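A short write-up of the structure that comes next.
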Amino acid sequence: MRLLMLNNEFPPLGGGTGVVNYHLLQRFAQVPGLEIDLITSAPERRAEEQRFAERVHLFKVPVNNRNIHHASNRELLTYAARALPLALRRHRALPYDLCFAWSAVPAGWVALVLRRLAGLRYLVRVCGPDIPGFERRYSLIYPLLSPIIRAVWHGAETVVAKCQGEAEMIRAVDDNVRISLIPNGVDLAAFPPGDPIPDDGPLRLLCVARLIERKGQRHLIEAVKRLTDNGIAVTLDLVGTGDARAAYEARVRELGLGERVRFAGYVPREEIAAYYMAAHVFVLPSYNEGMSVATLEAMAAGLPIVVTRTGGTADLVSRLLSSRICSSTVGARS
């Protein structure tokens, strides 16, 4: 069987969607008789081809990426414009049996056009922000994208959602979409619990997420200030980068928390486990989530979890004894 995958993000570009794609490729590479081509974005300005495994190949189209954790609208359009002709050429040279699009936009649009031009069936997995209404920063363009997204959903064999919350958001936009629920997973062996951390130092908080408004790290920074003012020794490690980093760093300086809040920036996947091992508590105060890969990793590492009640995140930790779910990011501040 020949499978075409379309995903504009793949490590080191992007967030959780790219990480899940990476680990799924590792598993699929062990399936006899399965050949996979992934068309993704190149971090540089030149096209790249890589052999991921014996029967798995990566084709990276240049998009002139400016931020490894966030694709601009220009980059999304560039990916679609360059991925489509490449996918069409490869399909006509040696046909694929199925296409797996990792988002409705831009990958799903490419898959939809491929189906109309070449008859290639596809499935699409929503990534969260490609559901109209999911992310506030896209509120102005959702009305323009909604007809395209709905067409992508209807053209797919099935639409994969990671949690019931995503499925409900999809049905709120269009109640006639075929939806399959498939939650994210994590390799437990890659995130083993660390040795017990002595209690004679500060409380070590950890947040692993892109530094964007939706992830809500500003609430964590304010919480660290309140805890410090109340005489509680605490530190916060923010792993990740993004558009809000400069504003968050300025706020940390303004609050005098330079020794309390540390910005780790981008951390390679193989090094992130060490951060979980060194933390007491994992916190993710997002406004909205599908199913957070970082939360899964923290759970695998045995950390207590504090999250907001949103999407699949609440589903993950609702039955854990060592967890706290806040009803909103306002609640997270208290």
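FYI, it's all coordinate maths here, none of it is from the lab. Since the model is a prediction, treat every value here as computed from it, not as a measurement. Glycine also receives a Cβ, built like all others from the backbone with ideal geometry; neighbour counts cover every protein chain displayed.
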The chain: Kirkwood hydrodynamic radius (Cα pairs, Å) comes out at 20.8 Å
Which is farthest toward the positive dipole end of segment 2-181 among L88, A71, P12, measuring Cα position about the Cα centre, with Cβ charges +1 (Lys, Arg) and -1 (Asp, Glu)?
L88
If the elastic network links every pair of Cα atoms under 10 Å, which of K215, K60, K225 fluctuates the most in the Gaussian network model of the chain?
K225
Of the residues A189, M291, V159, the Cα lying farthest along the dipole of the chain towards its positive end, which is defined by charges on the beta carbon of Lys, Arg, Asp and Glu, belongs to V159
Work out from phi, with θ = phi - 60° and the Karplus expression 6.51 cos²θ - 1.76 cosθ + 1.60, the ³J(HN,Hα) of each residue of segment 251-265, listed in order in whole Hz, and give x for Gly and Pro.
5, 4, 5, 4, 8, x, 10, x, 8, 9, 10, 10, 9, 7, x
Using only the alpha-carbon atoms, what does segment 2-181 span along each of its principal axes? Please give whole angstrom values in decreasing order.
42, 34, 30
Could you list log10 I(q)/I(0) for segment 38-124 at q = 0.25 Å⁻¹, which the Debye formula gives when each Cα is one point scatterer?
-1.36
Could you give P(r) for segment 188-333, binned at 5 Å from zero, as whole percent values over all Cα-Cα pairs?
2, 10, 20, 24, 23, 15, 6, 1, 0
Evaluate the charge dipole of the chain about its Cα centre and quote only its size in Debye, nearest 20, assuming +1 on the Cβ of each Lys and Arg and -1 on the Cβ of each Asp and Glu.
900 debye
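Let me check against my output: what whole-number percent is the relative contact order of the chain, with C-alpha pairs under 8 Å and at least 6 apart?
About 13 percent, as a whole number.
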Positive end of the dipole of the chain, charges at C-beta (+1 Lys, Arg; -1 Asp, Glu), about the Cα centre: which of Y142, L203, L236 has its Cα farthest in that direction?
Y142
